[in-house]
1. With the cut-off at 1.5 for a/c, could you classify the range 125-189 from its C-alpha gyration tensor as rounded, prolate or oblate?
2. Using only the alpha carbons, work out the radius of gyration and Dmax of the range 296-359 in angstrom.
3. Chymotrypsin sites (Phe, Trp or Tyr not before Pro), restricted to the range 248-296: which are DSSP loop and have at most 16 other Cβ atoms within 10 Å?
4. Pairs to check: K186/K269; K144/K294; K13/K186; K2/K294; K186/K316; K45/K345. Give those whose C-alpha atoms are more than 24 Å from each other in this structure.
5. Over the chain, give the accessible area per residue in Å² for a 1.4 Å probe, as an integer.
6. For the chain, return all DSSP H helices satisfying: extent of Cα atoms along own axis at least 20 Å; mean Kyte-Doolittle hydropathy at least 1.6.
7. Please compute the net charge surrounding A328, taking Lys and Arg as +1 and Asp and Glu as -1 over other residues with Cβ under 9 Å from its Cβ.
8. Please figure out what share of the DSSP beta bridges in the chain is antiparallel and state it in percent, rounded to the nearest 5.
Amino acid sequence: MKLGIIGLPNVGKSTLFNAITQAGAEAANYPFATIEPNVGMVTVKDPRLSVLSEMSHSERIVYATIEFADIAGLVKGASKGEGLGNQFLSHIREVDALIHVVRCFEDSNIIHVDGGIDPLRDIETITLELIFSDLEVLEKRLEKVKKQLKGDKSLLPEKELIERILDALHAEKPARSLDYTEDERKLLSSFSLLTMKPVIYAANVSEEDVADGNRYVDSVRAYADAEGDETIVISAAIEEEIAALDEESKPEFLKALGLRDSGLDRLVKASYSLLGLISFLTTGEMESRAWTVKAGSKAPEAAGKIHSDIQRGFIKADTIAYEDLVEAGSVAKARDKGLIRSEGKDYVIQDGDVVNFKFNV
């Protein structure tokens, strides 16, 4: 999974990126401090793996990872090249989903490119630039399809789909706001539209507002809800402090702030949900490991995440729910109790399944 962190300059993108990846990107108080996207990997700390590792006496634990890209601040006119905008927009095409950081805090020491705090105006600025970019892409494609239609009537569904999306974009609605058939989604995947990217709005607040939010957060949440998008409240400054703490100190620090988990934890959960992802687990003496797959994936597809040969030679998947395995106490005891099931090619993998694939190549 690759997530792109976007937003206007000076809204806290690079500070947040630094905190969650501890990658040391430049976080400066001027626009375009980030030119090339900074990229950092974050491990998804799954507590289930520690339990499985102890049970199996694993030599190591391998967590799932998320790649974060800190994409330079977009400005009004980016789709026309303002602020090196075209270059930045191309970076957005490479990610699976967008974390749109919106400034929801007052601070006279940090410049705002538009002169004052207005989250909805900021969201509109970014959204319109993405829409303008998609309009340009689709108008060129429509022109090409119309020419090809003269000799190939099978392209009619593509023409109608493009025109429907163009109508939405002209109405300043992102492409993801429309409903699509499975065939249309396959066509869409070749368009690489920016406004098809799922979005999480990260309302960046001061430390004082991180537990309860503020009026700016309320406006962002209302907007996101209306668009069917998700909002999380996060304080980039607090995430920086959390990143500097050892694992033992973090829970106490969060509790003092009235928080149950960090912004990163909430961001990871929201990202998995947004992209429809789940984790299945494997465990043994060599390693205990989490693997990320799309919800609804069948056993052979999940096997392919480990190795293409396992998918190709798939025979069956010995499967048990994590909770059932923990209750049994070990794989051997779970097998003695008949709790481990042999599932075939049509089995749909569930989050938390502990799986051992049998295959023959």
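1. Details: a/c = 2.64, a/b = 1.57, b/c = 1.68.
It is oblate, given that a/c is not under 1.5 and a/b is not larger than b/c.
2. Cα-based Rg and Dmax for the range 296-359 come out at 11.7, 33 Å.
3. Values: sites: F253, Y272, F280, W291; in loops: none.
Answer by residue number: there is no such site.
4. Details: K186/K269 27 Å; K144/K294 34 Å; K13/K186 32 Å; K2/K294 14 Å; K186/K316 30 Å; K45/K345 29 Å.
Checking Cα-Cα distances, K186/K269; K144/K294; K13/K186; K186/K316; K45/K345 exceed 24 Å.
5. Numbers: 17850 Å² over 361 residues.
Ligands and nucleic acids excluded, the result is 49 Å² per residue.
6. Numbers: long enough: 119-149 (44 Å, -0.16); 156-170 (21 Å, -0.08).
Span-like helices in the chain: none at all.
7. On the way: positive: K333, R335, K337; negative: D324, E327, D336.
Taking every other residue near A328 into account, the sum is 0.
8. Working: 25 of 48 bridges.
Of the beta bridges lying entirely in the chain, close to 50 percent run antiparallel.
The values are calculated or read from the model by the stated rules, or taken from the named source; none is laboratory data. Predicted, not measured: the structure shown is a model, and the values here were computed from it. Neighbour counts are summed over all protein chains in view; Cβ atoms, including those assigned to glycine, are modelled from backbone coordinates with ideal geometry. For the accessible areas, the whole protein counts, side chains as well, though only heavy atoms, and no ligand, DNA or RNA atoms are used. Shrake-Rupley method; radii C 1.70, N 1.55, O 1.52, S 1.80 Å.
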